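What follows draws every value from the coordinates through simple rules; no lab data is involved. The model shown is predicted, which means the values in this text are computed figures rather than measured ones. Positions of Cβ are backbone-derived with ideal geometry, glycine not excepted, and every protein chain shown enters the neighbour counts.
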Amino acid sequence: MKPDSEKLYLFIAKALRKTYASLGVEEVSMNPDGFKELHFSEGELTYKDSYSGFFKSRGFEVIRFQNSPIWMCSYGGGMIKPDKSLAYKTFTFLKKVFLADTHGFKTLRGPSVFKDQNWEYSYSQKGDLNEFQGYEEIHLNNELVFFHHIIGGEIREM
């Protein structure tokens with residue numbers, strides 16, 4: 001039987017923490033289409049994050065139950081300026097954000113607000129696990145340095 005919403009939400013949160021947000025994680029593979037891929041599995045659920053790009057990126061996350069896709073989101077955006085040093089610092093901060101406690105905010109990304117010294121992350125989300133859209137930004141010294149648009153939701157055959 002397909003997982004209920006709570007179990008699926010907890011799996012998505014755990015998968016994000018165990019893949020991209022896991023400090024020091026390396027991409028699991030580079031697929032033939034040129035996308036980097038991160039994978040996580042637990043029981044009958046599997047997670048795959050496929051993305052391409054560095055300064056500007058596009059990607060998608062897919063959750064499968066018994067090898068059938070049941071949930072997906074896509075995201076895109078990136079750095080405001082193509083500064084490699086700033087990008088690495090921004091992505092390190094983003095990983096910290098994804099590891100932060102969301103204080104009950106049922107997010108499909110990060111907490112609504114997270115601050116660390118001169119860095120600030122914000123995420124807004126409309127909808128829930130079944131159908132949602134989100135937007136995240138990172139500011140450094142009150143200047144926008146990074147953004148992503150996110151859309152997603154459940155996949156249902158019948």
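With a Förster radius of 25 Å applied to the C-beta separation of PHE54 and LEU10, the computed FRET efficiency comes to 0.25. For GLY110, no residue has an amide H sitting under 5 Å from its own, ignoring neighbours fewer than 5 places away on the same chain, with H placed 1.01 Å from N.
A DSSP coil position with no more than 16 other Cβ atoms inside 10 Å describes the following GluC sites (Glu not before Pro) in the stretch 16-90: GLU26, GLU27, GLU44. Relative to the longest principal axis of the Cα atoms of the chain, the long axis of helix 84-99 lies at roughly 50 degrees.
The gain in end-to-end length when the SER85 to VAL113 segment is fully stretched comes to 7.7 nm, 0.36 nm per residue minus the alpha carbon separation. Rg then Dmax, both in Å and based on the Cα atoms of the chain: 15.3, 49. Among GLN117, GLN133, GLN125, the residue with the largest mean-square fluctuation in a Gaussian network model of the chain, with springs joining Cα atoms closer than 10 Å, is GLN117. The HIS139 and HIS39 beta-carbon pair, evaluated with R₀ = 41 Å, returns a calculated FRET efficiency of approximately 0.85.
Pairs over the 29 Å Cα-Cα cut-off, from the set LYS18/LYS106; LYS95/LYS126; LYS48/LYS106; LYS7/LYS84: LYS7/LYS84. Dipole magnitude for the chain: about 220 debye, using +1 per Lys or Arg Cβ and -1 per Asp or Glu Cβ, origin at the Cα centre. Building the convex hull from the alpha-carbon atoms of the stretch 94-158 and averaging its projection over directions returns 4.9 nm².
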